[in-house]
1. Keeping to region 68-83, report how many residues are in a helix (DSSP H, G or I) and surrounded by fewer than 21 Cβ atoms within 10 Å (Cβ to Cβ).
2. Got at least one residue in region 205-224 being within 24 Å of G256 (Cα to Cα) and β-branched (V, I, T)?
3. Restricting attention to region 109-121, does a residue exist that is within 24 Å of V150 (Cβ to Cβ) and in a loop (DSSP other than H, G, I, E, B)?
4. Could you tell me which residue of region 331-366 is farthest from L318 (Cα to Cα), considering only residues that are charged (D, E, K, R) and exposed (fewer than 14 other Cβ atoms within 10 Å of the Cβ)?
5. When you scan region 224-231, do you find a residue that is in the same structural domain as L284 (by TED's automatic domain parsing), touching a Gly at 6+ places or on another chain (Cβ under 8 Å) and in contact (Cβ under 8 Å) with a residue 24 or more places away in the chain, even just one?
6. So which residues in region 184-222 are out of contact with any helix residue (DSSP H, G or I) (no Cβ under 8 Å at 6 or more places or on another chain) and free of Cβ contacts under 8 Å to residues at least 40 places away in the same chain?
7. When the residues of region 345-381 are filtered to those that are more than 30 Å from A235 (Cα to Cα) and part of a loop (DSSP other than H, G, I, E, B), which remaining residue is farthest from the chain's Cα centre (by Cα)?
8. Are any residues in region 283-311 farther than 14 Å from L201 by Cα and crowded, with 22+ Cβ neighbours inside 10 Å, and if so, which ones?
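The values are calculated or read from the model by the stated rules, or taken from the named source; none is laboratory data. Quick caveat, the model's predicted, so the values are computed rather than measured. Reconstructed Cβ throughout: ideal geometry from the backbone, glycine too, with neighbour counts over all protein chains shown.
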Amino acid sequence: MTSAAALRDISPINVHVPLGDRAYHILVGRGLIETAGSRIAALGARAAAIVTDEHVGPLYADALAQALTAQGLRVSVVTLPPGEATKSYANLEKVCDAVLSAKIERGDLVVALGGGVIGDLAGFAAAVVRRGVRFVQVPTSLLSQVDSSVGGKTGINSRHGKNLVGAFHQPSLVIADTALLDTLPLREMRAGYAEVAKYGLIDDARFFAWCEANWQSIFAGGPERDEAVAQSCRAKADVVVRDEHETGDRALLNLGHTFGHALEKITAYDSARLVHGEGVAIGLSLAFRFSAFLGLAPATDAERVERHLKAAGLPTRLGDVPGGCGTVDQLLDAMAQDKKVKGGALTFILARAIGQSFIAPGIDPDKVRAFLGREIDALHP
């Protein structure tokens, strides 16, 4: 067992996000939660509101609050229920009121301590309270460490779809302690891994091949985990710097998400049936099969993607959704609210090969319908 002192002596991997006066650092490594108080205090705030959930809070919130208090900050904590359904108007109101009650000023901090749900919600609250206060991401799940904590996308869900209400608001610091993943439930670890694999599928075939060779070490917590998190953050940061507000190629980061978000809506964001990363895994497989269906990518690549995701324990087919995936019409209706829809026309992220994804606007709805019909028909041979 590595001692606490030894953990403090290990320098984290530092990924810089160069966005001018909104630039920030992503720190990746084991044991960083132990020094989070001093690192956050170094940002110069006088007060901090920690936003967490009922799973993460009992494990880390008190220690972080005490560490910040020891650094001279006035600290408050707001704890929310876990799960995707938490990203709601009601909980946004609760967090905003708690932050205002704590007298958090623009120069102070909102600290998101939790997974992607908490990061998205707390970040959105920080974006709108007093028209914008600073915030820090302390992501505690693999999915949030490699994806949602980086890039400044914040928001909540609507009955019309996922993440349709939100704002771009960059964090001031991201602290990704990979040791926190040691106790993450296997299902959540797998779900986060879908986002790791995604970065290779977008534009880095070598990274995808590296994932195929090293995914078990990532799960086990070896140095490969730190490298996977850091490389995912580098990949996302590069895209964010080029296209912060998703007017161009930042949409590539949504590979698999058009299908995945539709499935999340159909399952009513019920995490017992489907969590975000599982929807992404199915979506990645569907995106590559759809690309092959359209004659854009070789079927062997689609098969390779599915084979790897299955090996990691992830779902890859519509039939893998507990309780059903809905009808073709229901899926198409859910996709119609996708944020990439322009002029009523569907935009997909498709691929010519592993590591060669591209934005495909104006896809013929009849082809989407035919593809989904084939996928659903395959469930009932």
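1. Number satisfying all stated conditions: 2.
2. Checked against the condition, which is being within 24 Å of G256 (Cα to Cα) and β-branched (V, I, T), region 205-224 yields at least one hit.
3. Quick first cut of region 109-121, residues within 24 Å of V150 (Cβ to Cβ) only: 109-121.
Filter once more, keeping what is in a loop (DSSP other than H, G, I, E, B): 115.
Checking region 109-121: at least one residue is within 24 Å of V150 (Cβ to Cβ) and in a loop (DSSP other than H, G, I, E, B).
4. Among those residues, the one meeting the criterion is K342.
5. Here is the first cut: in region 224-231, the residues in the same structural domain as L284 (by TED's automatic domain parsing) are 224-231.
Remaining after also requiring touching a Gly at 6+ places or on another chain (Cβ under 8 Å): 226.
Cutting the leftovers down to in contact (Cβ under 8 Å) with a residue 24 or more places away in the chain gives us 226.
Looking through region 224-231, at least one residue is in the same structural domain as L284 (by TED's automatic domain parsing), touching a Gly at 6+ places or on another chain (Cβ under 8 Å) and in contact (Cβ under 8 Å) with a residue 24 or more places away in the chain.
6. Within region 184-222, P185, A213, Q216, A220, G222 meet the criteria.
7. Step one: filter region 345-381 for residues more than 30 Å from A235 (Cα to Cα), giving 364-367, 369-381.
Imposing the further condition that a residue be part of a loop (DSSP other than H, G, I, E, B) reduces the set to 364, 378-381.
Values: D364: 29, A378: 30, L379: 29, H380: 33, P381: 35 Å.
This residue is P381.
8. The one that is farther than 14 Å from L201 by Cα and crowded, with 22+ Cβ neighbours inside 10 Å: F290.
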